[in-house]
Structures are given as C-alpha cells and as structure tokens.
Amino acid sequence: MSLLVVGLSHRSAPVSVLERAALHVDAQVKLLQDTVAAEPATEAAVLATCNRIELYADVDKFHAGVAELSTLLAQHSGVGLDELTPYLYVHYEDRAVHHLFSVACGLDSMVVGEGQILGQIKDSLARAQELHTAGRLLNDLFQQALRVGKRAHSETGIDRAGQSLVTFGLEQLASGTAVGDWALGKKALVIGAGSMSSLAAATLARAGVSEVVIANRTAERAERLAEILNESGESDVVARAVPMDSVPDELTRADVVVSCTGATGLVLTAEAVASAVQGVDAGRGWVAQLGAGEVPPAPTRAAPGGTSARGLAERQSAGPATDENCPLDLAPVPSTAGFSVLGEAAVAGMAASELEQHAAWVDNAPRPQGAVALVDPLAEADAIAALAATAALIGRVPERRKPEPVAEIPRPAPSLFLLDLAMPRDIDAAVHRLAGVRLVDIESLAEASADAPMAADVDQVRRIVADEVAAFGAALRAAHITPTVVALRTMAADVVAGEIARLDGRLPGLDDKQRGEITQTVRRVVDKLLHAPTVRVKQLAAEPGGAGYADALRTLFDLDPETVAAVSRAEDSTTDEEGRGSA
C-alpha cells in the first residue's frame, strides 16, 4: 500500500474555485466513508481549511487511486470534474509525506509560519479516527506531522516569519497603521464562535478595542466566549453575546466586523452593509437562513469629516459631477446632456488623447440613474455644436496642458471595516464597491501574502522537513518488512516446537531438566541462524527500493501470505488503539 494525496489550495486554484469546492463537516464525513468504500483505498483522511482541501489515502494502485480520489472530490464538492481537474495537485509516497510535513510547519500556508494549521491537522486526524478511516499509515503520518510542526516552531524562528491569518487580516485592514493604534477604542462585532472567530475576538481584545460583541447560532458558545474574554484579565474590553438575529442592529454600531462561520450562504449581503452604513433599515439585506428579525431604523453612521454616509450617497446621486478636482483643472462648464470627449477635444483644439485623464475622471464620476451616452452621429454633432456655443458664451477655451498622472478616483476614508475569514465567504464580495467600507477577505489576503517577505528561518524549517521525511520513509519501509520477519520467526518457533514434541515420543525417559536443556539449545541455534539475515533485511528494507526484500524473504522461506497478513492486521489493530488514545 502507498500514500497518495489529491487536493487543491490557494497556491493551485483561485479563491472563487476554493470557495465553491469548500466542504462542510457533513460532506467531509461522507467523503471519508465513500473513499474507504472505494476499491483502491483502505484508509482516508480529509484536511479542509479556509485555503485548502486535501484528501489523503492509502491506495494499492496509483493511477486508479488518482482517478478515484479526484472523482470523489468533485462529487462531494459540487464542482464538476472537468472544471476541478486543472487546479488539482497530486503527491505520492515520499512527496506526499513531504507535502503534509511542510503544511504542518506552515510553509505552505497563505501566511507563512502560521500555527493554526496544527490544530486543523489534529482535528482531521481525530475525525478520521472517530470514523475508523485512519489505519496504521495515516495514524503514524498525521501524528508525526504534528510532532514535526511543533519541532519547527520550537527550534526555529518561523513564528517571526508568520502570524495568524487573523493578525494578517487585521494588519491589512489597518493599511500600514499599527494594529494597536488602529483598533484602539473601536467597537468590534465577531460573527461565529469557532476556533478562528475565538482567535479573532481575543486578538481584537488585546489590540485595544473597547467592546467585542459575539453572535453565533449556538447561544451557549457565544456566551462562553464572551465570559472567557471578560474573565481573561488581559484587557479592559467589554464582551457580550447576542443572538444571530441581532446582527443587523449590532452592525450599525460596530466599527470592525470579523466573520467566520460554517454557513453555506452569505451571512452579510452588500445591501445589509450599505443599510448599516447609511443608517436605513439595517435588516433589509439580512439573509433569512440565519434567522431574520425585525429591527427599528438604526441611527445614521457619521462619515469621515462630519458628513453622514447618507448625505454622501445623496451627493453622489444628485446629478452630473462638475469639473472640481479634475486633474486638468478645467473650469466648470454648464451641463449639456451628451457631451463627449470628442466634443470637448474639438472645441479645445486638442487631440482627444490629451484629454484622457479628464475623460477618465468624467467617465468614473457618479451619474444620475438613467443617464445615457449618445451614440448617434447626428446627435453627437449637435452636442459638439452646443458645447462650442457654450464655450463662446463663457469666452474661454480650455488651455493645452499635459495631463497629470492620477492613480484613481479618491474614495472616502472607511468608517466600517470588515474581515471575512470564512470559506465559502460570509460577506458579499460586492461590499468592495461600497464607499466608506473596507473589506478584507480570503481573496485579498491571498494577493497581499504573495508579496509578504519570508524569514531566514524558513530555510532551517525546510531542512527539518527534509530530515523528518527521510526518517519517516525509512521507518515506514522498515515497518513494511516487520510482519514478514515476525512470520518467519513464528514459523521457526513452530518447527522447534514440533521437533521437541517428536523428541518426547522417541525419548520418553528424559526428565524435565534434560528436556529443557535440549529445547533451549535448539532455540539458540535457530535464533543465531536467523539473527543476521533478519537484522540485515530490516536495514536494507529501510533504504529506497527496499520493499522488494520482504518479497524475497517470503519466497525464500516459503512463508504463507495469510500468516504475514494476519500479523499485519494484528499490528494495525494495536496501532489504531494506541493512535486513538493519543489523538
């Protein structure tokens, strides 16, 4: 049997595909059960996090195993096999071991060096043990991966290279400001009470927020988390738990929102967030699947500079924008429907390319709903003539000037910060387009982490992984021959017992002392004859390609395959019991 892993992660697939392929707990259970029921696999474990989905299995055929595991992943994720296949990666035997050890050390994480993955690996092993889908191989593999991950964090400075996904997300929200300075005095809303949400709540409390509100489907878990925060003594934060149907109301009071739930649909729509920011009917966009409740109109959130977000929205929709803040400093011109870039260029006597920056500003400025650009040539000519007449009336033709570079249209400073750590996402991606709101989600974290520097300790961790992979492979190959050696010694012991029994029949006059001496002598002879070959074959089996020595040993001594298999089953049963006890 051989180790095989088939999966996809943030390194191989876009977040949109990962989001669709995400497996909830029930789907993971069914996937494990179906995998071990399939012909190529005898053991299975699933590692599913916010940025990876991996299926580990012990298979007897490589190609059949890859085909079966890929098909099962597609079936249970709901993503078609043809669409999923380009994003899948496959690791086999030593490469599969190397991959899991690297994952355990945080080398393959979105944030290099983060330690949360160890808890997720432990949970994956516990689930496989509970369902009895983890046998000797996967028990040994995952337990050793946990030890390797702990060794990497204790013997190196990999923690300096990485951080939790929560901390990294908060740093992105702070946009270069120290998280402690940015979070000081803010009110936080945490949606969910799982491990990631709990870490977010604790991190925000240490960062200096004044209040943490926890909303969760299971009220007891939210209350317990709030109690822990209030009793921790690490900060002066006030924590309280609320039911999920209070989220729309709490959203109007919060400055920072962190969401990480197991919901299969959106927890916060763009309409809910816009309503909270503008202070109108905050519950209108709330998703009913999480328990909608009617709430009164919420107070208006103040936008930066003392202007309410509602006022900002009204200004944006009041009518065509003037030339204020235009990069070309063009004087305002009375509005005439249908004015185009070509029309302005014709009146100004300039090439249209010279007005590119002005055009970009005009095209991206807010417009009233229903505004339609003219495309009819005759109507365009009328618009140019109208613009020429207006310019003649004002008595000024726009001066020729080289456009100044401008990065983008200025947006108001955010007044609401959202961090979405769920997969699939909890918060509608359309929130990115809302003024006064900053959203950081898994997709934006993936983009930001691509440029994150890696610490020098990463090289040391890679050496640890390489050494541990070699040691695990040697131990695995040596263990592969152990049942054959045990079967050989069992056969030799049976031969000795049979010959002693025959001796008793031929020499019935032997006393117990004599019989004992003869028995010990025969056993010592057999042990000495078998010692050197069995020790040597274990050494050879630990080397790459050493699996063939077990076959040679079985052939040379004509060992019964069923005897060897019985020894293997007995050892696997013992290992499973030990593994379940230590998980």
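Identification of helices (runs of 4 or more DSSP H) wholly contained in region 158-237 with 3 or more residues that are more than 26 Å from Val458 (Cα to Cα) and open to solvent by 10 Å² or more (accessible area, probe 1.4 Å) yields 179-183, 195-207, 219-231.
With respect to His76, determine if the residue is in contact (Cβ under 8 Å) with a residue 12 or more places away in the chain and open to solvent by 20 Å² or more (accessible area, probe 1.4 Å). So His76 passes the test. Comparison of Ala479, Ala487, Ala542, Ala497 shows that the only residue that is crowded, with 16+ Cβ neighbours inside 10 Å and at pLDDT 80 or above is Ala487. Within region 500-515, take every residue that is open to solvent by 90 Å² or more (accessible area, probe 1.4 Å) and basic (Lys, Arg) and give me the one that is nearest to Val526 (Cα to Cα). So the residue we want is Arg502. Report yes if some residue within region 402-413 is at negative phi and at pLDDT 65 or above; otherwise report no. Looking for residues that are at negative phi and at pLDDT 65 or above, one finds at least one in region 402-413, hence yes. Taking the listed residues Val46, Val59, the one that is out of contact with any Pro (no Cβ under 8 Å at 6 or more places or on another chain) and among the aliphatic types (A, V, I, L, M) is Val46, with no other qualifying.
Scanning for something open to solvent by less than 10 Å² (accessible area, probe 1.4 Å) and within 15 Å of the chain's Cα centre (by Cα), does region 122-140 turn up at least one residue? Looking through region 122-140, at least one residue is open to solvent by less than 10 Å² (accessible area, probe 1.4 Å) and within 15 Å of the chain's Cα centre (by Cα). Consider Gln460 carefully, then state whether it is over 30 Å from Ser102 (Cα atoms), in a helix (DSSP H, G or I) and either open to solvent by 60 Å² or more (accessible area, probe 1.4 Å) or acidic (Asp, Glu) (or both). It is false that Gln460 is over 30 Å from Ser102 (Cα atoms), in a helix (DSSP H, G or I) and either open to solvent by 60 Å² or more (accessible area, probe 1.4 Å) or acidic (Asp, Glu) (or both). Under the condition of being touching a Ser or Thr at 6+ places or on another chain (Cβ under 8 Å) and in a helix (DSSP H, G or I), the residues counted in region 238-252 number 1. Note on region 32-48: residues that are surrounded by fewer than 23 Cβ atoms within 10 Å (Cβ to Cβ) and either closer than 23 Å to Ser164 by Cβ or at pLDDT 90 or above (or both) total 5. Test Ile214 against the criterion of being within 20 Å of Ser444 (Cα to Cα), β-branched (Val, Ile, Thr), at pLDDT 90 or above and under 26 Å from the mean Cα position of the chain (by Cα), and give yes or no. Answer is no for this residue. Checking each residue in region 49-69 for being within 30 Å of Thr261 (Cα to Cα), modelled with pLDDT under 95 and of a type outside the set (A, V, I, L, M, F, W, C) picks out Thr49, Asn51, Arg52.
The values are calculated or read from the model by the stated rules, or taken from the named source; none is laboratory data. Predicted model only: the values in this text are computed from it and were never measured. Reconstructed Cβ throughout: ideal geometry from the backbone, glycine too, with neighbour counts over all protein chains shown. For the accessible areas, the whole protein counts, side chains as well, though only heavy atoms, and no ligand, DNA or RNA atoms are used. Shrake-Rupley method; radii C 1.70, N 1.55, O 1.52, S 1.80 Å.
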